[in-house]
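A.B. asks: For reference, the structure I am asking about is given below.
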Amino acid sequence: MDYSLDRKKLVKPATPNGRVPVTPRVSPAGITAPAVTKIVAPVKVTGGAPKKPEYKPRTYTEMDIQDMLSEGYINVHASLWDHVPVGSHVRYIKKDVAKAGLTREQRFKTGGFIRNRYTNDQGKKMLILENNPGGKVGQFGYISFPVAYEDIEELWKKYDRGAFVEIHLISMSLAQKKKQIEELNERVKKLEAALLRR
């Protein structure tokens, strides 16, 4: 063995990324080891910010609207909009006078939960709707938006689950009263006809 200090150390050339290239080793059996793959730095793409996808409002069919409103929603008369409780879920149809020619299906909005109501500086009554009751601005997925009373053509409120039994009983009672009224009208018609024959 040669222990001479005169021997110089071999320096392998470095690549641009600072790594020393590795040469494949040959094993005694003649099998070569896999070569080291070169790591390439990511290339920055220039040419401006990525474009956001264009927003297209969803249009519902009349069947979709009927299905969504049949899930426990009742139509609320405009005179009662001030009395719809905070926290209630509402759906509505916009007037959209500026976009004349839109169909009822195109103006239908799935709505949200009433967060609060107020009157703005111009004297317009407004509802603030939110997609998540009790959510906070800045929370992931949370949206709140104002809707003016004057921009609403029709408003539906989802009735509370606790009131379902009462609503069912009231509707059954009204159906029974309606049947009684029809029977009384028939009796009155028969009595009037009998009087006219005399």
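A.B. asks: Using DSSP to call loops (not H, G, I, E or B), can you name the trypsin sites (Lys or Arg not before Pro) in the range 122-170 whose Cβ has at most 14 other Cβ atoms within 10 angstrom?
C.D. replies: Numbers: sites: LYS124, LYS125, LYS136, LYS157, LYS158, ARG161; in loops: LYS124, LYS136.
Filter output for the range 122-170: LYS124, LYS136.
A.B. asks: Determine, for PHE108, PHE140, PHE145, PHE113, the number of other Cβ atoms within 10 Å of each Cβ, and report the residues in order from fewest to most. Please list the in-between numbers first.
C.D. replies: Values: PHE108 23, PHE140 5, PHE145 11, PHE113 19.
Ordered by Cβ neighbours within 10 Å, fewest first: PHE140, PHE145, PHE113, PHE108.
A.B. asks: Once the piece of chain linking ASP64 and LYS179 is laid out straight, how much longer is it, given 0.36 nm per residue of separation minus the C-alpha distance between them? Let's see the in-between values first.
C.D. replies: Numbers: separation 115, 0.36 × 115 = 41.40 nm, distance 3.20 nm.
My answer for the length gained is 38.2 nm.
A.B. asks: Please give the FRET efficiency for ALA148 paired with LEU191, using the beta carbon to beta carbon distance and R0 = 45 Å, rounded to the nearest 0.05. The partial results should precede the final answer.
C.D. replies: Values: r = 54 Å, r/R0 = 1.20.
Result of the calculation: an efficiency of 0.25.
A.B. asks: By count of other Cβ within 10 Å, fewest leading, how are ASP151, ASP67 ordered?
C.D. replies: On the way: ASP151 16, ASP67 11.
Fewest-to-most ranking of ASP151, ASP67: ASP67, ASP151.
A.B. asks: Please name whichever of MET126, SER173, TYR149 sits farthest to the positive end of the charge dipole of the range 84-198, dipole taken about the Cα centre and charges placed at Cβ: Lys and Arg +1, Asp and Glu -1.
C.D. replies: Toward the positive end, the furthest listed residue is SER173.
A.B. asks: Cut-off is 10 Å between beta-carbons; in what order do VAL76, VAL188 appear when sorted fewest neighbours first? Each step should come with its number before you reach the end.
C.D. replies: Details: VAL76 18, VAL188 10.
Least crowded to most crowded, the residues run VAL188, VAL76.
A.B. asks: With a sphere of radius 15 Å drawn around the Cβ of LYS190, what net charge do the other residues whose Cβ falls strictly inside it have (Lys, Arg +1; Asp, Glu -1)?
C.D. replies: On the way: positive: ARG187, LYS189, ARG197, ARG198; negative: GLU182, GLU183, GLU186, GLU192.
Every neighbour counted, the sum reads 0.
A.B. asks: May I ask you to compute the full-extension gain from LYS124 to ALA78, defined as 0.36 nm times their residue separation minus their alpha-carbon distance, rounded to one decimal in nm? Don't jump to the answer; show the numbers that get you there.
C.D. replies: Details: separation 46, 0.36 × 46 = 16.56 nm, distance 1.43 nm.
Here the answer is 15.1 nm.
A.B. asks: Same structure, new question: So what J values fall out for the range 109-120 if you push phi through Karplus, 6.51 cos²θ - 1.76 cosθ + 1.60 with θ = phi - 60°, rounded to Hz, Gly and Pro as x?
C.D. replies: Each residue of the range 109-120 in turn: 10, 6, x, x, 8, 6, 8, 6, 9, 7, 10, 7 Hz.
A.B. asks: Tell me, what HN-Hα J-couplings in whole Hz come from the Karplus equation 6.51 cos²θ - 1.76 cosθ + 1.60 at θ = phi - 60° for each residue of the range 169-174, using x for Gly and Pro?
C.D. replies: Here the 3J(HN,Hα) series is 5, 5, 5, 5, 5, 5 Hz.
Every read-out reported here was derived from the displayed coordinates using simple, explicitly stated rules and does not represent laboratory data. Owing to the predicted nature of the structure, the values given are computational and were not obtained by experimental measurement. No Cβ is skipped: glycine too gets one built from the backbone with ideal geometry, and neighbour counts run over all protein chains shown.
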